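One structure is given below, encoded as structure tokens.
The values are calculated or read from the model by the stated rules, or taken from the named source; none is laboratory data. Quick caveat, the model's predicted, so the values are computed rather than measured. Note: ideal-geometry Cβ built from the backbone for every residue, glycine included; neighbour counts use all protein chains shown. Accessible surface areas use protein heavy atoms only, side chains included; no ligands, DNA or RNA. Shrake-Rupley method; radii C 1.70, N 1.55, O 1.52, S 1.80 Å.
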Amino acid sequence: MAIEERPRERAEQRPGLEINKRLLKQCVHCGLCLDACPTYRLLGVEMDSPRGRIYQVRMVYENKISADDPHFREHIYACLDCRACETACSSGVQYGKIIEAARAATPPPSKAERTIGRAVLNTLFTSNAALDAVGLAMRAYQKSGLQTLIRRSGLLKVLPGGLDSLEAMMPPLQGGIAKVRIPPVVPAIGEQRARVAFLSGCVMSQFMGETNAATVRVLAANGCEVVTPPDQKCCGALHAHTGDRASAQTLARQNIEAFERTSPDAIIVNAAGCGSAMKEYGHLLEDDPAWAERAAGFSRKVKDVSEFLAQLGLRTETLGAVRERVTYQDACHLVHGQGVRNQPRELLRAIPGLELVEMKESDTCCGSAGIYNLTHPQYASQILEWKIDNIQATGVNALVVSNPGCTFQILSGARKRGMPLRVFHLVDLLDRAYRAGRMAASNGRHEVSGARRTGDEPR
Ligand code: SF4
Ligand code: SF4
């Protein structure tokens, strides 16, 4: 007997809300997710919990409230989109898809959020040339000494629009005034085990170029030929998180084309938020018949660098010692968005001389959450305070985290508290270990540092 193929469920249209009802029905209102939710812990309000937000989206779906209801908007945009509730939920609720559909149905409540969301993200993050221009200006401002002069002059305090607090959040940028260039193709060292394509990213390539270069070196040291497509774009994560689905889809299509041309075995990402978004291109384009299959195929190849190296098998014989005591912060979109928890720890433990000290609530958000620290600075700084308390309680002064937003947010929290904290990306430490291995092999004994620290930025 022929089995009748079930038509694929499609998202249903409600005024302003495009979502599959199945996603909403999965929530059984058990409340298991409440303690995991930073905004519920902070505000103690059911409507700012995962369960409460899902309930409100369902009310919109059933036309009981409007997506433009100001209270609905407030609660939906007060969410960090950290997805800790997904990990806590035993019913398999896909909260990330629900919140992104809700945000696509209604713009942010405040003018500041709309300006950042629509104007900045749409003009800046959709154009490589615009990103390069802004990146250059920011690096020049910081590296030329102008930032030090302006901070000392007190000029920022008399400028309008809270410019001083915005400027104070500017992260310490890696490298010099010029952007760190990544060669389009880097050959594998030793026997080739894979050909990979690398997402250099918008924020990563402008502000953390040395970590990008370290990522490529570590992949090559592990037998990978690394191709970095020059025509790649921003991954679109920030657009999707702020409800701008159309821009996220456009960027996804451009990236699929750029990466397909390289025919890689895997697409490697070193920023948790970008990796999580790219693994969801299949979902983002599932209703576009011309792109659905290509997007799903693309997403299957996306791997966080730690996930990929753990799966490939790290070459440990050439690792040298890195004498550090570190703690590890699980980036939300790595641990909750991608389910990558053990692999970074396995890789850290493989480094000779390195000691990993676990931190309480390592998988709780630091408050960065894309642009949340700009749109909700008060909530973000309270959540950051909890994180800094937990780091401080470990007694170590070095942190490993694999996402640029978390790096900048935690550094700013440590700086505010006067805490001497160094922050590494996982690949910074692996790269340092391979360099130490090479030096040991040639009897050199130099120490190499790849950390970003609270004192790095000009004062
Ligand atoms: S999201 Fe999951 S854990 Fe939270 S109330 Fe619904 S079913 Fe329970
Ligand atoms: S994504 Fe994070 S902040 Fe939003 S409801 Fe879930 S746990 Fe709470």
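Within the chain, what whole-number % of the accessible surface is contributed by carbon and sulfur, with the 1.4 Å probe and all protein chains included in the calculation?
Carbon with sulfur: 53 percent of the solvent-accessible area.
List the residues, sorted by chain then number, that are 5 or more residues from residue 17 or on another chain and whose placed amide H is less than 5 Å from its amide H.
Amide H neighbours of residue 17, under 5 Å, 5+ apart: none.
Quick check on segment 12-106: take the gyration tensor over C-alpha atoms, sort the square-rooted eigenvalues as a ≥ b ≥ c, and tell me if it's rounded (a/c under 1.5), prolate or oblate.
oblate
Could you tell me, in Å, what Rg and Dmax come out for the Cα atoms of the chain?
In Å, with Rg to one decimal and Dmax whole: 22.1, 82.
Starting from the Cα of residue 233, draw a straight line to each of the lysines and keep only those under 30 Å, dropping any in the same chain fewer than 8 residues away.
Qualifying lysines at Cα under 30 Å: 97, 111, 143, 179, 279, 301, 303.
How long is the gain from residue 168 to residue 195 if the chain were fully straight, where each residue apart is worth 0.36 nm and the alpha carbon distance is subtracted?
5.6 nm
Name the cysteines of the chain that stand alone by the Cβ rule: no other cysteine Cβ under 4.7 angstrom.
27, 30, 37, 79, 89, 224, 366, 406
Could you tell me which residue out of 207, 299, 240 lies farthest along the dipole of segment 185-310 toward its positive end? Charges go on the beta carbon: Lys and Arg +1, Asp and Glu -1, centred on the Cα centre.
So the residue furthest toward the plus end is 207.
So what is the calculated 222 nm ellipticity per residue for the chain, using -39500 (n - 2.57) for each DSSP H run with n of 4 or more, over all residues, to the nearest 500 deg cm²/dmol?
Rounded to the nearest 500, the figure is -13500 deg cm²/dmol.
Accessible area per residue for segment 185-310 in Å², computed with a 1.4 Å probe and the full protein assembly in place, what is it?
Each residue of segment 185-310 exposes 32 Å² on average to a 1.4 Å probe.
Would you grab the residues whose amide H sits under 5 Å from the one on residue 399? Only those 5+ places off in sequence or on another chain, please, with H modelled 1.01 Å from N.
327, 422, 423, 424
Could you state the number of Å between the C-alpha centres of segment 39-112 and segment 182-249?
Between the Cα centre of segment 182-249 and that of segment 39-112, the gap is 32 Å.
Filter the GluC sites (Glu not before Pro) in segment 348-448 to those in DSSP coil with at most 12 other Cβ atoms within 10 Å of their Cβ, and list the result.
Sites meeting the loop and neighbour criteria: 358, 447.
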